[in-house]
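Trainee: The structure's right below; bear with me while I get my questions together.
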Amino acid sequence: MKTRAIAVALFSAIALSALSPYASQTPAALQDDEPTRALLSKLEQAVHTGDAEAYLALAAEGADAGRARAFATAEFRRGATRVVFLERGREAMTGRGLRLIVDAFVEFGRRGRVATWQLDLRRTTDNQWAVANQERLSAIDGIDRLLLNSTRQFAARNFTARAEDLDLTLDQGSVFTVDTDQGVTALVLLGQGTMHFHPAPQVEKRQVRIFAGSDTLDARFEAAYIRLGELGSHADMSQLVEQPVDPRALRRAGLVFEEESSKSFAVDLSEFSGDTWTLVPDASDFLAEVRTRRFGTLTYSQLGSAQEDISLFDRRRQKNIAVYTSAARLAAHGRVYRVDPAAYDVHDYDIDLAFDPARRWVEGRARLRLTTGSTPTNQITLHLASSLVVRSVTSGQFGRLFSVRMRNQDTLLVTLPALLLPETDVTLTVTYSGRLGSQPTDREMLTVGQIGPPQDFPIAAPQVSRVEARYLYSNQSYWYPRPSVGDYATATLRITVPAAFECLASGELSADSPELVDEDSRDPLQRRKRFVFTAERPLRYLSFFVSRLSLVDHTLVGLNDDDNDGIVRARGPAMGGAVYNTLNVAVLSDSGLTSEARDLAVRATDVARFYRSIVGDSPYSSLTLALIDGPHPAGHSPGHFAVLTQPPPDQPRIWRNDPAAFDRYRDFFPAHEVAHQWWGQAVGWNTYHDQWLSEGFAQYFAALYTGHRRGNDVFRAILGDMRKWAMSQSDQGPVYLGYRLGHVQDDTRVFRALVYDKGATVLHMLR
């Protein structure tokens, strides 16, 4: 595979240390035998010397000599300085054969290459192994080993490195270079310097003003690490004067290089080498880690692989200060934010998952049925939590596949052995396991931001009863492999949990679920039960929730047009090829919230009927609500279920001063969460710029329902409060900034005032 193609797909920190260990069911007699080690030792020596003839001498009698020679010519290259082999898996073959999967890492000075080979072995008459067939499954060429040049130091005075909207000027100090065979690829700046970031878009100037106090960010720095694709486009090295190397400056530069170089473009080859290896940046790429006095380390990047290719990131506080599109890309594509076409479309998931709450441990097997997009491809990029170890990736068409992990990122790259044409159907099965923490149930959480509540609502410590253990795995946790962009797919989920727990998930619970799977276990604590959920209508993402819950209510709600209670029903188009005239509603709760859960069941069915009267359809065939206790009102509503958190009655209402808090109307919050079944799930947002549509529609529908139950005066009062919140925070940025509203200053109320309330107000204006 071409180096550039891999680099475009991975681009930032990519890990090969988590290369998928290939699972195999191998007889013990075949594991780690001496003849196998002897063969691999000879093979490693042949690679090290680049001796193709030595490899051909390892071929089995009757092996295809032409195929063997072509393989040796491509894989055995002169000039290797170091070779490391790692066996990834083996399996028995018919006729006393053995199939090995081997990773070969080869160094050529400062260049490196890693390849995965499949070797089919056959026993010889003297009980040794010979190579009957061979195939390269995948390879990454052109990896550079970065080393700080310790032999050269440059004196700098008013030396400037530039990128779009950024000037890094070293008033006085020293510059060290990081060199490769292609020239200088990185700089280390030491001394007294100034960082000047001046974004062109007005909306980004405003975000910088919130962060730094002015439309531009000016900060003194004492050290910076710059990684670039083409030095001449960003700096003039003729401004520098070479000087003798100062050992103290060299040590300091070495520390900066060691700490900063692994944060970008790095390939983790720790299984093979202790050095830093990276992919080659594109010619237009520029990344700077700037150690400022005032703000800590700030990261500026302009990367061609990103949709919005310019960003400024605060590493200390983990905040995106600015994210926008470069002038060149704007000129090419216009002001409309465009998303590149998806490389593939997943149609269906089939997932078997065992979950151990005590260890937060998951064991999963996910089958994805997908179709490639409009361009040929030989790669499938999936998102899967970085803490989960991939045991194998297989395909019905291609068998076992090669996969790599991106370092410290939830990304898995699966390499296909052939270039697939557009609209090709593929089935992938990913087997994985590991520890994965659950996410909070707080997509809608009303909390106090940095700005305190009014004085007439004194802050008090939350009074919360004993909280049951609960575990939510949804769109933030990447608990199953899925695309990196939003996608809709049907699904079947089989989730196994300890028998003491209940499980809610995306899909309708099968009639015979749950089923005990360890019924004969002598230890009751070891017994487990399996839940089966089926989603016949496509979902944006899949979720499950595990806790100790009790069933409070279970109702089949009629949604027929003649059952309208005086409501005028609109006839809308059917979604997904079916119209649901009934809705299977179940309500579960913590042990202390039974009466509140019964009341919630009545309200939820009424809300569903009302929304169906407006839209003309129910998005899914079932809706399960879980009512749990907690310190703040909170909610999360993936497809088919919702989790709502309710504080104790005596809890101080410190969240009243919040744009989403309409606690005078107890119907409002549940109505908002139920509305997400339509808005946010059945109709989803494409990028974070469109998130206001999901929250704005949910907020507006909750207001419509509250007005339906309580009258137009209440509806107008709610809209008035929304308008006030929207007006009070409108100077924080436009609604299309999504999560970035209030992000820099950690005030989530800004986000809710604009994305929730301004979104709802805009919809009311349009209406």
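Trainee: Among LEU119, LEU287, PRO649, whose Cα lies farthest out toward the positive end of the dipole of the chain, if unit charges sit on the beta carbon of Lys, Arg (+1) and Asp, Glu (-1)?
Mentor: Positive-most Cα among the choices belongs to LEU287.
Trainee: May I ask you to derive the relative contact order of region 29-79, considering only C-alpha pairs under 8 Å and at least 6 residues apart, and to give it as an integer percent?
Mentor: Working: 33 pairs, mean separation 21.2, N = 51.
Relative contact order here is 42 percent.
Trainee: Continuing with the same structure: Mind ranking 178-184, 115-121 by how tightly packed they are, going by the mean number of other C-beta atoms within 10 angstrom, highest first?
Mentor: Those peptides, ordered most packed to least, come out 115-121, 178-184.
Trainee: Using R₀ = 56 Å, calculate the FRET efficiency as 1/(1 + (r/R₀)^6) where r is the Cβ-Cβ separation of GLU423 and ASP246; round to 0.05.
Mentor: E between GLU423 and ASP246, to the nearest 0.05, is 0.35.
Trainee: Could you please state, rounded to a whole Å, how far the C-alpha centre of region 681-759 is from the C-alpha centre of region 54-93?
Mentor: 62
Trainee: For the chain, what's the relative contact order in percent, using C-alpha pairs closer than 8 Å and at least 6 residues apart? Mind dumping the intermediate values first?
Mentor: On the way: 1747 pairs, mean separation 67.8, N = 767.
So the answer I get is 9 percent.
Trainee: Over region 261-395, what is the relative contact order in whole percent, taking alpha-carbon pairs under 8 Å and six or more residues apart?
Mentor: 12
Trainee: Can I ask one more? Is region 141-215 best put as rounded, prolate or oblate by its Cα gyration tensor, with a ≥ b ≥ c the root eigenvalues, rounded for a/c under 1.5, and otherwise prolate when a/b is larger than b/c, oblate when not? Before the final figure, lay out the partial values.
Mentor: Numbers: a/c = 3.41, a/b = 1.73, b/c = 1.97.
Since a/c reaches 1.5 but b/c is at least a/b, the shape of region 141-215 is classed as oblate.
Trainee: Residue farthest toward the positive end of the dipole of region 29-70, with Cβ of Lys/Arg at +1 and Asp/Glu at -1: which of LEU39, ALA60, GLY50?
Mentor: GLY50
Trainee: Then there's this: In the chain, carbon and sulfur make up what percent of the accessible area (probe 1.4 Å)?
Mentor: 50
Trainee: Are there trypsin sites (Lys or Arg not before Pro) in region 84-145 that DSSP marks as loop and that have at most 12 other Cβ atoms within 10 Å, and which are they?
Mentor: The qualifying sites are ARG96.
Trainee: Could you rank the peptides 664-670, 247-253, 511-517 by their average count of other C-beta atoms within 10 Å per residue, with the highest value first? Intermediate values should be presented prior to the final figure.
Mentor: Values: 664-670: 18.4, 247-253: 15.1, 511-517: 12.4.
So the peptides 664-670, 247-253, 511-517, ranked by packing, come out 664-670, 247-253, 511-517.
Trainee: Rounded to the nearest 20 Debye, what is the dipole magnitude of the chain about its Cα centre when Lys and Arg each give +1 and Asp and Glu each give -1 at the C-beta?
Mentor: 800
Trainee: What angle do you read, to the nearest 10 degrees and between 0 and 90, between the alpha-carbon axis of helix 712-729 and the longest principal axis of the chain?
Mentor: For helix 712-729, the angle is close to 40 degrees.
Trainee: Output the 0 to 90 degree angle, nearest 10, between the alpha-carbon long axis of helix 34-49 and the longest principal axis computed from the alpha carbons of the chain.
Mentor: Approximately 70 degrees, to the nearest ten.
Trainee: Here's something else I'd like to know. Please go through region 45-83 and write out the trypsin sites (Lys or Arg not before Pro) that DSSP classes as loop and that have at most 16 other C-beta atoms within 10 Å.
Mentor: ARG77, ARG78
The values are calculated or read from the model by the stated rules, or taken from the named source; none is laboratory data. Only a predicted model underlies this, so the values are computations on that prediction, with no experimental measurement involved. Every residue, glycine as well, gets a Cβ built from its backbone with ideal geometry; the counts of neighbours run over all protein chains shown. We work out accessible area using only protein heavy atoms, side chains counted, and drop any ligands, DNA or RNA first. Shrake-Rupley method; radii C 1.70, N 1.55, O 1.52, S 1.80 Å.
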